[in-house]
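Below is one structure; the comments refer to it alone.
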Amino acid sequence: MDVLSSQDRPGPITFVSDGRMQKKIAVTPDSSRCSACMLSEVCLPLGMPRSEVSKLDELVKERIRIPKGSALFRYGDKTEAVYGLRSGSLKTQLEDASGQVQITGFLLPGEIIGMDGLLENRHVSHAIALEDSEVCVIRLDDMDRLSLHLPMLQQQFRRLMSKEISRSHQLIMALGALRSEQKLAAFLINLSQRLSALGYSPNEFILRMSREEIGNYLGLTLETVSRLFSRFAREGMIRVQQREVHILDMQSLRMLAGTDCG
């Protein structure tokens with residue numbers, strides 16, 4: 001995970017209309033930039049030639065720090081930017097008029113947030129920090145301007161939109177077509193793969209989301225998720241201590257999932 005540069009200059013703490021707290025950080029010439037970021041192989045510059053990645057340095061002019069439990073944006077907020085998660089983790093969720101919540105995703109460093117707000121220029125979900133997190137701000141006006149001189153940026157943006165659609169398809173499959181034990185097995189494998197791409201251990205990790213949040217995302221009750229974690233542990237596939245997970249038998253977990261978890 002990228003380490004914050006000592007040259008990043010924290011800006012003032014700002015309170016958005018609903019009282020949530022954010023701290024904006026100006027990106028200076030001495031700050032860690034896209035061309036030098038440890039996440040460049042999984043974030044916006046993925047697959048771009050090094051000569052073109054350096055041009056992205058002018059795209060990110062500020063970052064935002066979001067305390068645990070605070071919102072990066074909420075449903076109905078105007079979409080002026082998309083965000084690259086630099087550190088921490090977030091969840092996205094929908095909420096109906098009665099307050100019923102459906103979690104639609106868990107985001108890790110290097111992943112882009114806010115794509116769902118591009119059609120109507122209004123965000124159609126909430127993005128909440130699961131822990132203290134920081135995002136790079138990619139303003140749409142700056143992206144449009146830079147795309148005129150960097151055609152591959154449009155290709156990258158289409159790739160990111162395709163990835164977002166694929167993530168939605170995975171959620172639909174998990175909620176509708178899989179048995180409960182398949183859902184949790186697929187969830188753990190998917191998380192393992194994504195953490196491995198970031199350079200972390202694919203077999204040992206800490207869940208930043210609660211069991212209740214996992215259940216909400218997968219369409220399972222808290223009791224079912226807890227029971228399945230215990231079952232997986234009894235069968236020797238995982239070892240669990242609170243939120244710390246150690247995958248002991250990846251092959252058996254894959255066979256149980258019975259689906260592509262990528």
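The values are calculated or read from the model by the stated rules, or taken from the named source; none is laboratory data. Being a predicted model, the structure only gives us computed values, none of them experimental. Please note: Cβ atoms are built from the backbone with ideal geometry, for glycine as well, and neighbour counts cover all protein chains shown.
Which of the strands (runs of 3 or more DSSP E) contained wholly in segment 1-85 include at least 1 residues that are in contact with a Leu (Cβ under 8 Å, 6 or more places away or on another chain) and modelled with pLDDT under 90?
Per the criteria, 21-26.
For segment 193-204, give me each residue that is assigned to a helix (DSSP H, G or I) and modelled with pLDDT of 95 or more.
Matches in segment 193-204: none.
Given the conditions (1) farther than 16 Å from C136 by Cα; (2) modelled with pLDDT under 95; (3) outside any helix (DSSP H, G or I), and given that K91 satisfies all but one, which numbered condition is not satisfied?
Among (1) farther than 16 Å from C136 by Cα; (2) modelled with pLDDT under 95; (3) outside any helix (DSSP H, G or I), the lone unmet condition for K91 is (2).
Please determine, by comparing only the residues of segment 190-225 that are surrounded by 15 or more Cβ atoms within 10 Å (Cβ to Cβ) and touching a Lys or Arg at 6+ places or on another chain (Cβ under 6 Å), which one is nearest to G258 (Cα to Cα).
L218
Sort out which residues of segment 221-255 are in a strand (DSSP E or B) and in contact (Cβ under 8 Å) with a residue 40 or more places away in the chain, and write them in order of number.
Initial filter on segment 221-255 (in a strand (DSSP E or B)): 238-241, 244-247.
Answer for segment 221-255, where residues must be in a strand (DSSP E or B) and in contact (Cβ under 8 Å) with a residue 40 or more places away in the chain: I238, E244, V245, H246, I247.
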